[in-house]
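I have placed the structure first, in the form of structure tokens, so that the comments after it can refer back to it.
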Amino acid sequence: MKLTLSPAAARRAALVAASAHAFCALALDAPALHNGAWPAALLGTLLALPMIALAGSRRGGLLPYVLLLLEGGSAALAADWLDSSAAFLALDPVHPLLLLAPPVLAAAWCALRNGDAVGDSASVGLKLSPLLLVPILLIQLPHLRPGWLFPLPGDAAGALLSGALGTAGRIGATFASAMLLSGEGGASARRWLRDALLAGLIATALLVLRGMMSPMLTNPAAAARLGRLDALLTNGRAPLYLQLPMLALWFAALLHALAYHVFAAAALLQRALPALDGRACVAAVALCVLALCGAGGVAALRDRVPAALPLAALGAALLIRRGREVDVRASR
């Protein structure tokens, strides 16, 4: 089985996955930011654009291998967020692997339908999500507090830079992998940059909405991931009937992000090892995600690896590639 992805499906899949990934990372894993999450998302989006343009013009060297590692890590992060969300909603303690197995298996099943299936699911999500989001916004409108978006955190400079670099790496790696797998680039780069900008603006708008729905949490327990999930998904000022569409949007976005990252990692693995069947690649990625999340490796990486790593790794691959091209030209 050959894992393939058409350009149109790749752009749709990357748009939804990148916006969901950027929003979740800043909403759940950056408690020091909170009010500064939306400017970090906006700045990160602008930083990602030149990186995507560079990735579109260079397709060899170490770039596919770096993207393989980044997509595998992104799949593990999406699975970890799904695990935390399911644990938050579970009535009783459940082993993480029992919570992880259903979404990872569902993502693997979707990836096995090939890349266009992932892109088509993104198209359905893009059409249906406004039907859920607009009623939430209209009902919450009287309760939104624009003043809660300010002031920015005291350590705004360091936190904003870290959040912006992490966002640039996530959006940049997602679109770079989609562009590489689709085989499109060059003259079509403007469409990719437009969709990357749109993904960042969607994440920024959602973070602005979230900031106006809940104030900054200073209690350490409330600022932890489960406390932030509670404030996001079961906001105390939101009517009870709004929780269902909010949960539907949340899980649909995360499941799509997981499906895309699993597919992208598997397709990049097949590109690195062409002799492997696509089904074996998908199975290998799914097993790695389960193993990494089940062993607690995602939390360790998230806490110890700087947010700038995705951007630095991709930038290093591009520089190495450029250096090789210069050496080849010099040898001629």
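A few points about this structure:
- Peptide packing: for 125-133, 174-182, 21-29, 72-80, the average count of neighbouring Cβ atoms within 10 Å per residue gives the ranking 174-182, 72-80, 21-29, 125-133, highest mean first.
- Accessible surface of region 1-50, 1.4 Å probe, proportion on carbon and sulfur as whole %: 75 percent
- Whole-angstrom gap from region 1-57 to region 97-112, using each part's C-alpha centre: 22 Å
- In order through region 278-286: 3J(HN,Hα) via Karplus (6.51 cos²θ - 1.76 cosθ + 1.60), integer Hz, x for Gly, Pro: x, 5, 5, 5, 4, 4, 5, 5, 4
- Stretchable slack from Leu126 to Phe150, in nm (0.36 nm times residue separation minus alpha-carbon distance): 5.6 nm
The values are calculated or read from the model by the stated rules, or taken from the named source; none is laboratory data. Remember, it's a predicted structure, so these values are computed and weren't measured experimentally. Here the Cβ is made from the backbone with ideal geometry for all residues, glycine too, and neighbour counts use every protein chain on show. Each accessible area value is taken on the protein alone, full model and side chains, heavy atoms only, with ligands, DNA and RNA left out. Shrake-Rupley method; radii C 1.70, N 1.55, O 1.52, S 1.80 Å.
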